[in-house]
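Notes for the one structure printed next.
The values are calculated or read from the model by the stated rules, or taken from the named source; none is laboratory data. Treat the numbers as computed from the prediction; the structure is a model and nothing was measured. Ideal geometry is used to build each Cβ from the backbone, glycine not excepted, and the neighbour counts take in all protein chains shown. Calculation scope for accessible area: heavy atoms of the full protein, side chains included, ligands and nucleic acids excluded. Shrake-Rupley method; radii C 1.70, N 1.55, O 1.52, S 1.80 Å.
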Amino acid sequence: MQRRDWTDGHVDRWRPVLPQLDADVEGAVTRMKKLSVHLRRVREQSLVDSDLDRQEFDTLHKLAGRGGTATPSDLAADLDLAPASVTGRLDALERRAFVRRTPSTTDRRRVDVQLTDEGRATWLGAIGILGHEEERLLGVLDKEERALLNDMLRRIMVVAEDQGGAAWD
C-alpha cells in the first residue's frame, strides 16, 4: 500500500463537500503548493545560515548567472529595479567584500561589477543548501521519472504562460 501524505487527508475532507472535485487535480495542485512553500522555507533558512538577506542573495545570484561580471544597468534589468536601487545594493555587497566595482576596460564611463571569491563562496553556500534539499526530495524518483515529471510540469507551465502568465523568476 502506498503511504499517505497530508494532501490525501485534505482531498478526503473536500470530496464530500465538493462531489465534482477532481481528486488528482486537487492533489497535484495542493502538493505543488506545499512543495513550493517548503522549498521557500528552506531557501529562507539557507539565507539565515549564510548571513545573507534576500536582496543580497538575489543580487549575487543574478551576478553569478552572468558569469560573475556585469554592469550595474544589466543587474538593474535582471532584478527589475531602478539603477539607484542597485547602487545601494552594490554598496552594501562591496562593504562585505562580496563584489568589487572596477572601471570598464572598454568604456571609461562604465563600471563593471565582479563577484569576488568570497561572494561566490557565500552564494554557493546558500544555493547549495537549497540544491541539496531539491536533490533529497526528487531523489525518490529515478532518472526517467524525474525527466517525465520535468516534461509534465513543462507542459503545464506552457499553458500557464500562454494564458497571459507573467514570466516567473
Some residue of the range 125-133 being under 25 Å from Arg41 (Cβ atoms), modelled with pLDDT of 95 or more and either in contact with a Pro (Cβ under 9 Å, 6 or more places away or on another chain) or open to solvent by 80 Å² or more (accessible area, probe 1.4 Å) (or both): yes
Scope the range 30-52; condition acidic (Asp, Glu) and surrounded by 12 or more Cβ atoms within 10 Å (Cβ to Cβ); matching residues: Glu44
Hits in the range 96-117 - residues which are among the polar types (S, T, N, Q) and open to solvent by less than 70 Å² (accessible area, probe 1.4 Å): Thr102, Ser104, Gln114, Thr116
From Gly9, Gly27, residue being surrounded by 12 or more Cβ atoms within 10 Å (Cβ to Cβ), under 25 Å from Glu133 (Cβ atoms) and free of Cβ contacts under 8 Å to residues at least 60 places away in the same chain: Gly27
